[in-house]
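The values are calculated or read from the model by the stated rules, or taken from the named source; none is laboratory data. What you are looking at is a predicted structure, and each value in this text was computed from that prediction instead of being measured. Here the Cβ positions follow ideal geometry from the backbone for every residue, glycine too, while neighbour counts run over all protein chains shown.
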Amino acid sequence: MTFSVAGRNNCAVIAGEPYVYARTDEGSFVMRARCPHRGGPLHLAELAPEGNRLVCPWHERKTSLTRLRQEIPAVRSGDTVTAVFPGLPDAEVCTGHRPLSADLAG
């Protein structure tokens, strides 16, 4: 699926699960917008002081950037990113908007 890296359609929603394109000093990648712990808004997370993890704004759970970068294969071309999402060939697909924290907006 192809969607915008920023702006109005910066979020791909696959079977109800939102994904965003993030940019950090560790690299650029597509990630789930929800925290794996309790579904918090991971797209609003800040980087931990060591710089290699995201801290969920709800419960301060840390999530590895290395794991996030490897989860969804994606290629950026200009202002769009094309990502390969796991399974669900008949899943409902749409785009929307999710604000990103300053740490993820590059």
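Could you grab me the full set of residues in the range 71-106 that are in contact (Cβ under 8 Å) with a residue 24 or more places away in the chain and on the phi > 0 side of the Ramachandran plot?
Once the filter is applied, which keeps residues that are in contact (Cβ under 8 Å) with a residue 24 or more places away in the chain and on the phi > 0 side of the Ramachandran plot, the range 71-106 yields L88, G106.
I'd like the residue in the range 1-59 that is under 30 Å from D90 (Cα atoms) and polar (S, T, N, Q) and, out of all such residues, is surrounded by the fewest Cβ atoms within 10 Å (Cβ to Cβ).
Let us first name the residues in the range 1-59 that are under 30 Å from D90 (Cα atoms), namely 1-23, 28-44.
Subsequent filtering for residues that are polar (S, T, N, Q) retains 2, 4, 9-10, 28.
Numbers: T2: 13, S4: 17, N9: 15, N10: 24, S28: 15.
Here the answer is T2.
Which pairs do you get when a residue that is touching a residue at least 60 places away in the same chain (Cβ under 8 Å), found in the range 39-55, comes within reach of a residue that is surrounded by 15 or more Cβ atoms within 10 Å (Cβ to Cβ) and β-branched (V, I, T), reach meaning Cβ atoms under 7 angstrom, with the pair 6+ apart or on two chains?
H43/V20
Can you confirm whether P86 is under 15 Å from the mean Cα position of the chain (by Cα), under 19 Å from E17 (Cα atoms) and at pLDDT 95 or above? Please lay out each step first, then the result.
Working: under 15 Å from the mean Cα position of the chain (by Cα): yes; under 19 Å from E17 (Cα atoms): yes; at pLDDT 95 or above: no.
Against the criterion (under 15 Å from the mean Cα position of the chain (by Cα), under 19 Å from E17 (Cα atoms) and at pLDDT 95 or above), P86 does not qualify.
Kindly indicate the residue of the range 23-67 that is within 15 Å of the chain's Cα centre (by Cα) and among the basic types (K, R) and also farthest from N10 (Cα to Cα) among those meeting that condition.
K62
Kindly indicate which of R67, R76 is modelled with pLDDT of 95 or more and of a type in the set (K, R). Let's see the steps before the verdict.
Working: R67 fails: modelled with pLDDT of 95 or more.
Answer to the check: R76.
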